[in-house]
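Step one of this worksheet: look at the structure below.
The values are calculated or read from the model by the stated rules, or taken from the named source; none is laboratory data. Note that this is a predicted model, so its numbers are computed, not measured. For accessibility, only protein heavy atoms count, side chains too; no ligands or nucleic acids. Shrake-Rupley method; radii C 1.70, N 1.55, O 1.52, S 1.80 Å.
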Amino acid sequence: TWIGDFLFLAAIALFAVFMVANRVWSITPGQVIFSVTIVSAVVYIPIWLFCLDSNLALAPRSEIMLQGAYQGLIPSVIGIFCLNIAVRHIGPRATSVFISAVPVVAALAAIPILNELPGLSAWIGMITVTSGILLALGIIGFHQEIASAGE
């Protein structure tokens, strides 16, 4: 599993670079959407077609269209567009704080949608992440006292 952990950390590092570069370069949402979706497709589709197993030929056309629209449109276009706007308005640091809530929201959504209850370690992780978000946003903790002490 260490390879998966390493690749996950590499993806996080690349995403962090992307968010900071997004702010520094002041690129438009259209440029971001083009660079993320089109360039990624040009790089990944040949790898997928020639090197990875696929059951695409067996899938119904309606399922392919649904998945293409849902997985292609929502995260790639709408998600990246919203992320770009968030980075421009609140900055990469605050945006990354809110993005860290994604696993917590996904785990909580899995309870009613998938009838999947998180284990003890997942609950501890969700509480830890939520506490970190609240600390980073200055909602709880000593953030205000430390900021005013420095003045």
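The table below gives the values:
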quantity	calculated
Gain upon complete extension [SER100, CYS82; 0.36 nm per residue less C-alpha separation]	4.9 nm
Kyte-Doolittle mean at least 1.6 and Cα axial length at least 20 Å: DSSP H helices in the chain	2-25, 120-136
Sulfur and carbon atoms: percent of accessible area, the chain [1.4 Å]	74
For the chain: accessible area per residue (Å², 1.4 Å)	75
For the range 1-136: span of alpha carbons on each principal axis (Å, largest first)	47, 42, 30
